[in-house]
Amino acid sequence: MSNSDSKPWQQIVWRTPRRSATARLKTLGGNFLAMFGAAPKADRTSLQAIVESFGDPSIPGSPLNEAQQLLLAAGEIEHALLVEYLYTAWSAAPNPAGGQILQIAVQEMCHLITVQNLLLFVGINPSMSRQDQDPAPKLDPFPFALRPFSREVLVDFLLAEMPPLKDMTPDQRAVMQPIVDSRPTQSAVHPVGVLYAKLYWLFQADDSATQPWPEIAALGFDPDRHVADFPGEASSTTFQVDPEAEPYWKSGDGRGGIFKKISSRAAALQALFAIASQGEGLAGANDQQSHFAKFLDIFSNTDFSQLPAKWPTDPFLSDQVDADPTREANRIGNPTAAALCRVFDLRYQILLTSIRAALSRNRTSPAEVAVRMKYVGWAFEEMVSSIKHLAKFIAKLPRKAALGAGQPVAAPTFALDNLSIPDTAAELDRKLADLHRLAAAAIDDALGKGVEAGARLVLSGMRTNDKLRFPELPDVIA
């Protein structure tokens, strides 16, 4: 199983649907029209209107190849959203909105793992790539950015996750209609439901309206274009994550993300619909537990005049002053904060590589399942301990070299640093060893920067734990 050398977005051709949505609705009969209704022209955010406006995201080749590449693109978006939401959630503390957005970020992580299962089902390798590594302005919900909690950021999140206006309650529509109407065309936010809609069509067995998302049959996608067979179907019992049989993949906090094993066409259709319903908005049903509903609740109940110390936007590390005043304002120049950010980035990269390494192991093999469990454990250690604690210590430090009244704070950078994650088990093992060696040096550097006692304790604990993972690592410095 190998991924194409071309990036997913670069292969997309935007085609006008062969038949208008309204024409296809008529052919599906009165019951379908009565159930869903034709979207009014004024409803500029409906799924039908989006497909008719932007077109059908198509990839040349077989339906199977198209599904594979679109799933890779979907994974990039899920990864980007979970990081963006996590950054915004952390920046909101101690505002209660932070905890609510954190829950959404956790659910996006579940979506990301389910997309990995779908990738395995269609016969290609999982991928931990992120949207900004492969940007596509026409389909990305918005350009990737790490942004602190604000009214403007929440508006973007709402627009990316919203269902059709016609499917909202009157109270929801009263809030969202002015936002939609006032949005400049050049700064449009793209709901990514069209991507999941096209995937759903490809996964259907035929052109018939199919539960649980019969609306897809009316969107004008190319007829008779469906995946016939799924070369990775057996992976549901070998390499895919089974949340029931493998409880160690679950955080156990009951945050309700869409986390499913894909063992059949029907299971794939259900998973695609469930992700679109919960997270990407355009599934034709107004679920009160959707990300849109949660973001709208935060938006409607937050006093934006009482926000915590503002984190930077797109923080980055550099020893050199940037000539662009906007970029310079977000540059982390404090040596201690920068050292902790380097450790943070490596722990984030270890987290991603550990997930990928776990997915490279066959869970029906006793020897491999032990390694699989080990790597999942590493991923959770990084997720709930290392990066979480480091983010708190980084945000206590000034962004520039000196601490003073009104000095803006630093923040974690989530840098991938051209991370390339291999596919074979042996190469993944070596990659994790390399990342841990880099992390050891970065931790030692941070410890030499005079970090506070709490941060020193956390860093020393990481080094001790890493030494257990890789005994060949040098001992922690005094």
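No value in this document is a laboratory result; all are computed from the given coordinates. Please read all numbers here as calculations on a predicted model, not as lab measurements. FYI the Cβ positions are ideal-geometry reconstructions off the backbone, even for glycines, and counts take in every protein chain you see.
Go through LYS166/LYS294; LYS250/LYS310; LYS198/LYS388; LYS294/LYS400; LYS374/LYS467 and tell me which ones have a Cα-Cα distance over 26 Å in this structure. Before the final figure, lay out the partial values.
Values: LYS166/LYS294 18 Å; LYS250/LYS310 32 Å; LYS198/LYS388 36 Å; LYS294/LYS400 35 Å; LYS374/LYS467 15 Å.
Check vs 26 Å cut-off fails for LYS250/LYS310; LYS198/LYS388; LYS294/LYS400.
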Exposure-ranked with fewest Cβ neighbours within 10 Å first, THR302, THR16 stand as THR16, THR302
Net charge around SER62, counting only other residues with Cβ within less than 12 Å of its Cβ (Lys, Arg = +1; Asp, Glu = -1)? -1
With each pseudo-label sitting 7 Å past Cα toward Cβ, what's the GLU472-GLN407 distance in nm, one decimal? 4.1
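Go through 102-115, 69-82 and give me the packing order, highest mean Cβ count within 10 Å leading. Don't jump to the answer; show the numbers that get you there.
Numbers: 102-115: 23.4, 69-82: 25.4.
Sorting 102-115, 69-82 by mean packing, highest first, produces 69-82, 102-115.
Can you give the FRET efficiency for ALA234 and ALA174, using 1/(1 + (r/R0)^6), R0 = 35 Å, r = Cβ-Cβ distance, to the nearest 0.05?
On the way: r = 50 Å, r/R0 = 1.43.
Computed FRET efficiency for ALA234 and ALA174: 0.10.
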Spin-label model distance (nm) - ARG327 vs ALA266, 7 Å beyond Cα toward Cβ: 5.5
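With contacts defined as alpha carbon pairs under 8 Å and 6 or more residues apart, what's the relative contact order of region 267-393 in percent? Write down the numbers at each step before the final one.
Numbers: 91 pairs, mean separation 18.1, N = 127.
In percent, rounded to a whole number, it is 14.
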Simple spin-label estimate for GLU244/ARG151, 7 Å along Cα→Cβ, in nm, reads 4.8
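What translational diffusion coefficient, to the nearest whole µm²/s, does region 316-469 have by Stokes-Einstein, given a Kirkwood radius computed over alpha-carbon pairs, a temperature of 25 °C and 0.890 mPa s viscosity?
149
Using R₀ = 45 Å, calculate the FRET efficiency as 1/(1 + (r/R₀)^6) where r is the Cβ-Cβ separation of SER318 and SER208; round to 0.05. Let's see the in-between values first.
Details: r = 56 Å, r/R0 = 1.25.
So the FRET efficiency works out to roughly 0.20.
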